[in-house]
Amino acid sequence: MCNVYGYMRISTSEERDLQKFIRQESALQRYARENDIEYLLEFREDKSGKNFTERKQWQKLESIVQPGDMIIFKDICRFTREAEQGYVKYMELLNKGVELIFIDNQTVV
C-alpha cells in the first residue's frame, strides 16, 4: 500500500506573517481532491530550503517514507533551494522508489 505525504515549508519564522502556509495548503488540498488522494500525514516547517540537515520535519518524513510512497509539494522550491544538493536528494528518493510530485512544476520528472 502506498502512503501519500504532503510537505510544506516556509523560509523562516520571522517571515511567518509574510509567508504563510495557506497557499501551499490550498494547493495540496485541491490536488488531493482532484486526484482522489488522502494524505497520511502533512509535514510543515519554518526553515530555509538551503539544506536538508537542519529541517527536523523533513528528516522525520524522510525516515518514515518507504518504496512506493509519494510526497507532494506545491512547487520545487518547497523541496530545495539548492540545485546540486536537491538533485542528489531527488535521485536518492527516486532510486528508493519514492515518487515526488511538484504541483506547480509538472515538468520535473
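The values are calculated or read from the model by the stated rules, or taken from the named source; none is laboratory data. Owing to the predicted nature of the structure, the values given are computational and were not obtained by experimental measurement. Positions of Cβ are generated from backbone atoms using ideal geometry, with glycine treated the same way; all protein chains shown enter the neighbour counts.
Pull up segment 51-93, narrow it to residues that are of a type in the set (Phe, Trp, Tyr) and touching a Leu at 6+ places or on another chain (Cβ under 8 Å), then point me to the one that is farthest from ASN105 (Cα to Cα).
TYR90
Applying the selection to segment 30-48, what residues are out of contact with any strand residue (DSSP E or B) (no Cβ under 6 Å at 6 or more places or on another chain) and either closer than 16 Å to CYS77 by Cα or of a type in the set (Gly, Ala, Ser) (or both)?
Residues satisfying the conditions are ALA32, LYS47, SER48.
How many residues are at pLDDT 95 or above and among the small types (Gly, Ala, Ser) when one looks only at segment 82-109?
Number of matching residues: 1.
GLU38: in contact with a helix residue (DSSP H, G or I) (Cβ under 9 Å, 6 or more places away or on another chain) and modelled with pLDDT under 90, yes or no?
yes
Quick check on my filter: what residues within segment 67-109 are in contact with a helix residue (DSSP H, G or I) (Cβ under 8 Å, 6 or more places away or on another chain) and touching a residue at least 60 places away in the same chain (Cβ under 8 Å)?
ILE71, ILE72, PHE73, LYS74, ARG78, PHE79, ILE101, ILE103, ASP104
Go through segment 95-109 residue by residue and tally those that are surrounded by fewer than 17 Cβ atoms within 10 Å (Cβ to Cβ) and outside any loop (DSSP other than H, G, I, E, B).
Residues in segment 95-109 being surrounded by fewer than 17 Cβ atoms within 10 Å (Cβ to Cβ) and outside any loop (DSSP other than H, G, I, E, B): 3 in total.
Please go through segment 70-94 and pick out each residue that is surrounded by 15 or more Cβ atoms within 10 Å (Cβ to Cβ), of a type outside the set (S, T, N, Q) and in a helix (DSSP H, G or I).
Correct list: ILE76, CYS77, ARG78, PHE79, GLY86, LYS89, TYR90, LEU93.
In segment 37-69, what count of residues is obtained for those that are of a type in the set (S, T, N, Q), assigned to a helix (DSSP H, G or I) and surrounded by fewer than 15 Cβ atoms within 10 Å (Cβ to Cβ)?
The qualifying residues number 2.
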